[in-house]
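Everything below concerns the one structure shown next.
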Amino acid sequence: MQIRSSRAATKSFNFGLKPAPAWMAILGFTLFSALCLVVKSGLLRIAFPGGAFLVGLFLYGRYPLLYLGFTWWIAFLSPWVRRMVDYNSGWVDPSTILLAPFLVMLVTLATLVRSLPRATRQGGLPFILAFVGVIYGFLVGLIKYSPMAVVVPMLNWFTPILFGFHLFVNWRSYPSYRQSLERIFLWGVLVSGAYGVYQYLVAPQWDRFWLVNSKAIAFGTPEPLGIRVFSIMNSPGPFATVMLAGLMLLLSGKGKLRFFASGVGYLSFLLSLVRSAWLGWGVAMLTFLPSLKPKLQMRLVVTIVVMALCIIPLANLDPFADTIGARLQSLTNTKGDVSYSQRSEGYAATLSLALSQFLGQGLGFVLEGTSLGSNDSGILSMFFSLGWFGTIPYLGGIILLLFSLFQSVDIRADTFASAARAISLGVFAQIGLGSVTLALSGVVFWGFAGMALAASQYHRYQRLTALQSG
């Protein structure tokens with residue numbers, strides 16, 4: 001009787017969440033973080049990244065699927081947690097809270113160490129080449145700058161590749177990883193899209209506080225209907241990249257909830273006003289649709305029509321129409337477009353200098369004295385930070401990776417794999433307009449490239465196994 005009642009109590013405590021130890025760790029971390037926010041404690045500046053790392057380490061070793069979800073949500077939410085802590089406890093820049101996603105992904109270094117000897121034989125050469133380029137830039141940076149100035153840039157460059165490599169190496173678990181990612185991005189689009197619309201209409205105090213203190217003029221004005229939506233993330237660019245990925249996955253998914261998620265998702269995606277991401281979405285769509293079998297193409301067209309019927313009326317409502325319409329017009333009419341003019345001037349002034357960087361300036365280099373921001377061009381970032389010596393293996397690895405993805409004939413019946421491949425190309429297509437292979441945008445690029453490569457490996461193995469058994 002005692003044992004039975006104890007089991008019943010444990011079952012009721014789990015709320016159906018299994019495995020219980022993993023969810024206890026996740027919920028414990030979540031509740032502690034929420035409590036710190038409620039009591040306005042600055043303790044989270046240390047406890048959040050430290051706790052995230054410990055939970056990530058625990059999940060990585062025992063519950064890989066939950067580790068995957070935890071990693072993505074930490075990447076999504078860390079900037080919002082930072083803004084809340086700064087609003088409650090005072091502005092601090094740089095913030096240690098933003099280290100949390102990097103620390104959680106750094107756990108997959110164990111995957112690299114364990115799999116490196118056989119990685120090239122299994123198709124991991126693109127990742128190895130990219131690692132070589134980044135490590136070269138890191139070593140040059142250590143020679144030129146202080147270690148503290150190099151560590152964060154190293155994490156920005158290194159951890160996205162590491163995470164993508166981890167997903168690729170675990171190709172045998174591809175079906176469960178695919179299902180997990182579909183669920184993660186369904187809720188990711190729903191939550192971040194809904195918050196993005198709320199952010200645009202209301203401009204919450206913590207977001208206003210962050211905009212004022214960060215002096216991020218390009219992100220709009222700190223008032224309702226004035227913010228370029230960045231939702232729960234750190235800036236409009238990474239947010240738009242995440243939404244690009246999520247919205248593409250919704251096309252390949254199932255269930256009615258995806259239509260509501262698409263409504264708020266596309267609306268906030270448009271309100272981010274990130275034209276490069278809009279163009280990247282177009283590239284992804286043009287890649288995705290022809291890659292499917294005719295039957296799947298018809299299903300996708302029907303899905304797109306239904307989604308369009310939900311989205312177009314929303315985008316034409318008064319609070320949104322003028323902002324979105326003006327930005328869409330700038331795609332075809334660049335006269336008077338300050339952003340376009342500044343980028344053109346910046347490229348003209350720095351491209352020849354960037355291409356002359358044989359050794360590179362190393363990770364930690366900051367481009368100053370031009371109209372371009374430090375993240376306004378992935379091409380310039382590569383050449384300045386890595387030089388030709390580092391860019392050749394890094395960019396060569398990316399090109400080899402994309403080439404490998406489009407060589408595969410085994411994934412035409414797999415809509416997720418086709419979407420993952422299209423997402424990777426859609427993100428990379430923006431490289432001239434942003435550093436899309438680094439930080440959160442880089443996690444999207446390398447993560448979905450890793451999943452697409454894992455899908456190719458998995459389906460090839462299934463085909464060969466079927467032939468041998470037949």
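Where a number appears in this text, it was derived from the coordinates with a stated rule and is not lab data. It should be emphasised that the depicted structure is a prediction, and the values quoted were computed from it without experimental measurement. Heads up, the Cβs are rebuilt from the backbone with ideal geometry, glycines too, and the neighbour counts pull from every protein chain shown.
Summing charges over all other residues whose Cβ lies under 12 Å from the Cβ of L453, with Lys and Arg as +1 and Asp and Glu as -1, gives +1.
Each label was represented as a point 7 Å from its Cα along the Cα-to-Cβ direction; for C310 and E223 these points are 3.4 nm apart.
Straight-line reach from K254: taking Cα to Cα under 12 Å and skipping same-chain neighbours fewer than 8 places apart, the aspartates and glutamates in range are E182. For the range 16-107, taking Cα atoms only, Rg and Dmax work out to 12.9, 41 Å respectively. For the range 395-417 versus the range 158-224, the spacing of their alpha-carbon centroids is 25 Å.
Our compactness index for the chain, the C-alpha radius of gyration over the empirical 2.2 N^0.38 Å, is 0.98.
Straight-line reach from K293: which aspartates and glutamates fall under 14 Å, measuring Cα to Cα and dropping same-chain residues less than 8 apart? The qualifying aspartates and glutamates are D410, D414. Counting only DSSP H runs of at least 4 residues, each contributing -39500 (n - 2.57), and dividing by the residue count of the chain, the helix-based mean residue ellipticity at 222 nm comes to -25500 deg cm²/dmol. Label separation (K254 vs K295): 1.3 nm, computed from points 7 Å beyond Cα along the C-beta direction.
Full extension of the chain segment joining V38 with F358 gains 110.1 nm, where the gain is 0.36 nm per residue of separation less the Cα-Cα distance. Using 0.36 nm per residue and subtracting the Cα-Cα separation, the extra length available between L125 and R463 on full extension is 119.4 nm.
Electrostatic bookkeeping for D207 treats Lys and Arg as +1 and Asp and Glu as -1; over the other residues with beta carbon under 13 Å from its beta carbon, the sum is +2.
Given their separation in residues at 0.36 nm each and the Cα-Cα distance between them, W91 and K215 gain 43.4 nm when the chain is fully extended. Each of E182, E345, E223 was scored by other Cβ atoms within 10 Å of its Cβ. Arranged with the fewest first, they read E223, E345, E182.
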